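Participant: Structure provided below as structure tokens; questions to follow.
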Amino acid sequence: MTATTDASPAPTDAAATAAQRVGVVGLGYLGAVHAACMAELGHHVVGYDIDQAKLDALKEGRAPFFEPGLPELLTRVCSGEADGEITFTTEVGDLKACDVVFVCVGTPQRKGELAADTTYVQRAFEALADVVKGPALLVGKSTVPVGTAARLADVLAERAPHLELAWNPEFLREGHAVTDTLSPDRFVLGTTSPRAEALLRRVYARPIAAGTPVLIADYATAELVKVAANAFLATKISFINAMAEVCEAAGGDVKVLADAIGHDDRIGRKFLNAGVGFGGGCLPKDIRAFMARAGELGADQALTFLREVDGINMRRRAKVVDLAREACGGSFIGRKVAVLGAAFKPHSDDVRDSPAISIAAQARLQGADVVVTDPEAVANAQRLWGDLTYTTSTEEALSGADVVLLLTEWPQYVGLDPAHVATLVRGTQVIDGRNVLDAAAWRAAGFTYRALGRPNA
Ligand code: UDX
């Protein structure tokens, strides 16, 4: 057993609802949302980050990324309208009096490797060990390779025995981050210490009282829950995309197939949408890091199927490039391709490992004039892939296009009137990379409609 243990008495009912002094380290996607939500839940929150510009924006209720509901929540908690309160700092020493500090820093994929880089996590805990007076609880929320928490607990035991460690993974989805944090579908508390468990139950008192289930786990299990959940979701998406490949070969319709198998409660219809596959800052990186860690543990065979999950996902992107080239008459040279969507999914401005950008870049490299549009993600995409042409105007993107690629299912693209689109484009070719357009309506407007896994749609 690696967790520290403590036989402190269970908290009283009064203590169970008391406001805590909560620190949050790293105000990126996870941390900014977590910090704001902790203030909303009634706690006194200190948010720490090294980026002053980010803190200035957060203080003014501006989120550094697009997340529905977050600006309103930030404004509420910063203006004193919420039960709790929040302050921001670039001084780690300002966390010294916290009862509990959540570490929310990133664990990016290491360059040229599958494994995750845990340097920021390690540094955050070392810094906290030096400044937090305690007794206090440090809580890891970052997604880490299994074994990280046990290693950090050993460091704390040696350097700062007045601090306890718990691991408490998050499962928030971009676009739903605020509700996923305020009322998650479960809490996983990785600790064997009754005192740490009681403190976390106090921090999450409101959602727990509202019925969110709590699962207590050891460090290793808590760390694994997060990557196992993401591996399962990625596998589900790649499973249906593999069925799409078979449907393409056999002349089936993957959408009907997904509806049909999804009616079976044991399977379920969610995450069975075939298309260009998964991207973003979590699923691709997490399944790779999981494989790498399993390899280090000598359990690589257990996860070799995730290589195929990754491979199926990548093949879908190549498939769309092939379909688009065909739609251009066999070559992209001298052709204009309109790409609807840059974000890895709708209601997000995140372009990390976005299938849309990956496909757009391939078409560009093969000679197409590619114009990408997105309601929220153009600025982020432009910063990372300057070689593509961008516009925030859907009409401008469509104007004179030889082929239209729907790659992110924003409602405004799904709801486009194909008759109007036909008046803008040069070639009437549409490829539905998310299986969301009304094929009959697009055909009626004169388009050649192609989708993934539905050769006869
Ligand atoms: C994911 C997990 O869902 C979340 O629990 C975890 O904390 C972080 O990673 P997120 O990255 O926000 O969340 O995106 P998610 O909604 O899971 O979608 C991931 C990708 O899969 C997107 O690119 C989406 O377009 C794609 N997807 C999803 C499909 O291709 N088909 C589907 O049926 C569902």
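Where a number appears in this text, it was derived from the coordinates with a stated rule and is not lab data. All values reported here derive from a predicted model rather than from experimental measurement. We place every Cβ from the backbone using ideal geometry, glycine too, and count neighbours over all the protein chains shown.
Participant: Can you tally the net charge around D438? Count Lys and Arg as +1, Asp and Glu as -1, for every other residue whose Cβ sits under 11 Å from the Cβ of D438.
Facilitator: After counting each charged neighbour, the total is -1.
Participant: Counting only DSSP beta bridges with both residues in the range 4-217, tell me the antiparallel percent, nearest 5.
Facilitator: 5 percent
Participant: Next question, about the same structure. Would you work out the charge dipole size for the range 221-457 about its Cα centre, treating the Cβ of every Lys and Arg as +1 and the Cβ of every Asp and Glu as -1, and quote it to the nearest 20 debye?
Facilitator: 280 debye
Participant: Next up: Using DSSP, restrict attention to beta bridges with both residues in the range 49-176 and report what percent are antiparallel, rounded to the nearest 5.
Facilitator: If I count the DSSP bridges inside the range 49-176, around 10 percent turn out antiparallel.
Participant: In addition: Exactly which GluC sites (Glu not before Pro) in the range 60-111 are in a DSSP loop and have at most 13 other Cβ atoms within 10 Å?
Facilitator: E60, E81, E91
Participant: Could you list I240, I208, I312 so that the one with the fewest beta carbons within 10 Å of its beta carbon is first and the one with the most is last?
Facilitator: Fewest to most other Cβ atoms nearby, the residues stand as I208, I312, I240.
Participant: Let me ask another. Out of V100, G334, L70, whose Cα points farthest toward the positive end of the dipole of the chain (charges: +1 Lys, Arg; -1 Asp, Glu; placed on Cβ)?
Facilitator: Toward the positive end, the furthest listed residue is G334.
Participant: How large is the translational diffusion coefficient of the chain in µm² per second when you combine the Kirkwood radius over alpha carbon pairs with Stokes-Einstein at 4 °C and 1.567 mPa s?
Facilitator: Roughly 55 µm²/s, to the nearest whole number.
Participant: Among the listed pairs K111/K345; K255/K336; K236/K285; K236/K270; K133/K226, which have their C-alpha atoms separated by more than 19 angstrom in this model?
Facilitator: K111/K345; K255/K336; K133/K226
Participant: Work out the charge dipole of the range 221-457 with +1 on the Cβ of Lys and Arg and -1 on the Cβ of Asp and Glu about the Cα centre, then indicate which of G400, H347, S358 is farthest towards its positive end.
Facilitator: S358
Participant: Tally the DSSP beta bridges in the chain and give the antiparallel ones as a percent, rounded to 5.
Facilitator: The antiparallel proportion sits near 5 percent.
Participant: Treat every Asp and Glu Cβ in the chain as -1 and every Lys and Arg Cβ as +1, leave all other atoms uncharged, and give the resulting dipole magnitude about the Cα centre to the nearest 20 debye.
Facilitator: It works out to roughly 800 debye.
Participant: Moving to a separate point now. Going by average Cβ density within 10 Å per residue, which order do the peptides 391-399, 293-301, 263-271 take, highest to lowest?
Facilitator: Going by the mean number of other Cβ atoms within 10 Å, highest first, we get 391-399, 293-301, 263-271.
Participant: Per residue, how big is the convex hull around the C-alpha atoms of the range 4-217? Give it to me in cubic angstrom, could you?
Facilitator: 119 Å³
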